[in-house]
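Reviewing the structure listed below.
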């Protein structure tokens, strides 16, 4: 099983600042990497897929990069609504499997 | 737009079977290239993919749960279901249904989730 490790566990930032979140895979996932945002009491929301493609309706301040085993989610200028937990998720082609990182909490 | 909604008991006794249904609205569950998954979220252990079903009935399950999981699809009702047998307290979690498209290999949208507690 491919293990996803996110860092840091908690990121303290101020509104308007840049936030950089990291995700590492235990083996190469090429660009089969997605990012989600989850707020309390809500389901995760897809932000980025294929490592760098924004999902429909996602603001341009969210960007993803990386390939292989190292990935980054950047929020260029944090808005109040961006304080949440962020998860990365990988897809492995065969056998098909999806695994998630443990999450990074972005807090004020 | 496609919406998903989970339904089922919120309390299941240990050793019994957890049964949930996901109702899909705003689009057909029979559309090709879309796969329908169950995912659960433990308070302390994060998100865990349980398995998927295709509209044809083809399934694939997480090997860690394979011996206890069964999924089914009812295209006439635009629904798919999850059965998890021999549950224990470790199966207590919020259960989500979600759609995955082979073009993204990611889950979107998700249902709102339903908390299932395993307790006597």
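The values are calculated or read from the model by the stated rules, or taken from the named source; none is laboratory data. Computed from a predicted structure; not experimentally measured. Cβ: placed from backbone, ideal geometry, glycine included. Neighbour counts: every protein chain shown.
Structure above, values below:
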quantity: Counted residues, the range A:19-60 - those being in contact with a helix residue (DSSP H, G or I) (Cβ under 8 Å, 6 or more places away or on another chain) and without any contact (Cβ under 8 Å) to a residue 60 or more places away in the chain; calculated: 1
quantity: Looking only at the range A:10-27, and only at residues there that are surrounded by 13 or more Cβ atoms within 10 Å (Cβ to Cβ) and in a loop (DSSP other than H, G, I, E, B), the one that is farthest from the other protein chains (Cβ to nearest Cβ); calculated: A:13
quantity: For residue B:48: the one exception among (1) surrounded by fewer than 19 Cβ atoms within 10 Å (Cβ to Cβ); (2) farther than 15 Å from residue B:116 by Cα; (3) at pLDDT 95 or above; calculated: (2)
quantity: Residue within the range A:37-47 that is more than 26 Å from residue B:112 (Cα to Cα), assigned to a strand (DSSP E or B) and either within 14 Å of chain B (Cβ to nearest Cβ) or modelled with pLDDT of 95 or more (or both) present; calculated: no
quantity: Which listed residue, of A:90, A:6, is in a strand (DSSP E or B), farther than 23 Å from residue B:103 by Cα and in contact (Cβ under 8 Å) with a residue 24 or more places away in the chain; calculated: A:6
